[in-house]
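The values are calculated or read from the model by the stated rules, or taken from the named source; none is laboratory data. Only a predicted model underlies this, so the values are computations on that prediction, with no experimental measurement involved. Every residue, glycine among them, receives a Cβ derived from its backbone with ideal geometry; neighbour counts consider all protein chains shown. All accessible areas refer to the heavy atoms of the entire protein, side chains included, with ligands and DNA or RNA removed. Shrake-Rupley method; radii C 1.70, N 1.55, O 1.52, S 1.80 Å.
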Amino acid sequence: MKTNISTPLLWIIIFTPFIYLVVIWNQLPGQVPVHFNGAGEPDGWASKYSLIFLPGFLSLFIYLLMIIIPRIDPKKRLAFMGRKYDLLTFWLTSVMALLSIFIIHSGLAGEIHNPGHIFIFLGILFAVLGNYMPAMRPNYFVGIRTPWTLESERVWRKTHQLAGKIWTPGGILVAISAIIFPEKTALIIFLVITGLIVVIPLVYSYRQYHLTEI
């Protein structure tokens, strides 16, 4: 699979969390919070050097994973996504880079002012995935991988067409709710929407497969 995802811009995005970490390094205390309770208050601590290995590698890990997946996928179908797979890699890597910066900044601030803001990143992630769902080809790593979608290319295609229609608006709603609602309300909305966008395609794929069998 020949890709164009190794662009200078993408590498700049990947290393931006590292650059931010270098800039604020001397401002960080020796021990930084690595876990927060529901109120955004730290309840777990570790050496600031942990920030190098935890959030710093989120975007790099996703980038490398997206390069490896098409090469080890037994179905060898992701190559047919072409440029769309490159763009999916770009946006997933970018979201992980932003999340890394958010985590590093929280370590510097010593708290998360609004814990619900984490749902902004999750909502964006849902929306990005939903946008590319209809273009995903059958594979064992990315997409709605049920026994029924993997068994039938027709069921895979119809299930991902439906998933694209609900994941993108669902993700946008999650992100918006995290901005305008309190953390507890945003959490409820996140759980409800996540449940719906996961369960609906699962049930739909089951029904489509058995309709085909009939």
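Let me check against my output: what whole-number percent is the relative contact order of the stretch 73-160, with C-alpha pairs under 8 Å and at least 6 apart?
It comes to 37 percent, rounded to a whole number.
If the label point is 7 Å along Cα→Cβ of Q161, which residues in the stretch 70-84 have backbone nitrogen under 19 Å from it?
81
Give me a comma-separated list of calculated 3J(HN,Hα) values for the stretch 48-56, in order, Karplus coefficients 6.51, -1.76, 1.60 applied at θ = phi - 60°, integers in Hz, x for any Gly or Pro.
My calculation for the stretch 48-56 gives 4, 5, 5, 5, 5, 9, 8, x, x Hz in order.
Taking the Cα atoms of the stretch 55-214 alone, what are Rg (to one decimal) and Dmax (as a whole number) in Å?
17.1, 59
Could you give the accessible area per residue of the stretch 88-214, probe 1.4 Å, as a whole number in Å²?
49
Mind listing the long-range amide H neighbours of W45? Cut-off is under 5 Å, sequence gap 5 or more, other chains count too, H placed in the peptide plane at 1.01 Å from N.
Excluding prolines and chain starts, which carry no amide H, the hits are V34.
For q values of 0.14, 0.17, 0.25 Å⁻¹, compute log₁₀ I(q)/I(0) with the Debye formula on a Cα-only model of the stretch 120-214, without solvent.
Each listed q maps to, in turn, -0.51, -0.69, -1.16.
Determine the share of the stretch 46-169's accessible area contributed by carbon and sulfur atoms, expressed in whole percent, with a 1.4 angstrom probe.
68
Excluding K158 itself, calculate the net charge of residues whose Cβ lies under 14 Å from the Cβ of K158, where each Lys or Arg counts +1 and each Asp or Glu counts -1.
On the way: positive: R137, R154, R157, K165, R207; negative: E151, E153.
Residues close to K158 contribute a combined charge of +3.
Short version: ³J(HN,Hα) in whole Hz for each residue of the stretch 151-168, in order, from phi by Karplus 6.51 cos²θ - 1.76 cosθ + 1.60 (θ = phi - 60°), x for Gly and Pro, what are they?
Per residue, the Karplus-derived 3J(HN,Hα) values read 7, 10, 5, 5, 5, 4, 4, 5, 5, 6, 5, 5, 4, x, 6, 10, 5, 5 Hz.
Amide H neighbours of R137 under 5 Å, counting only residues 5+ apart in sequence or on other chains, H built in-plane at 1.01 Å?
Counting only residues 5 or more places away or on other chains, the set is empty.
Mind giving me the FRET efficiency for L202 and Q31? R0 is 45 Å, r the Cβ-Cβ distance, nearest 0.05 is fine.
Between L202 and Q31 the formula returns 0.55.
If I take R0 = 35 Å and measure r between the Cβ atoms of H210 and I176 in this structure, what FRET efficiency does the formula 1/(1 + (r/R0)^6) give, to the nearest 0.05?
So the FRET efficiency works out to roughly 0.45.
Hey, which lysines would be in cross-link range of K165, C-alpha to C-alpha under 30 Å, not counting anything within fewer than 8 residues on its own chain?
Here the lysines satisfying the reach criterion relative to K165 are K2, K75, K76, K84, K184.
For the stretch 111-162, what size does the Cα cloud have along each of its three principal axes, sorted from largest down, in whole Å?
47, 18, 14
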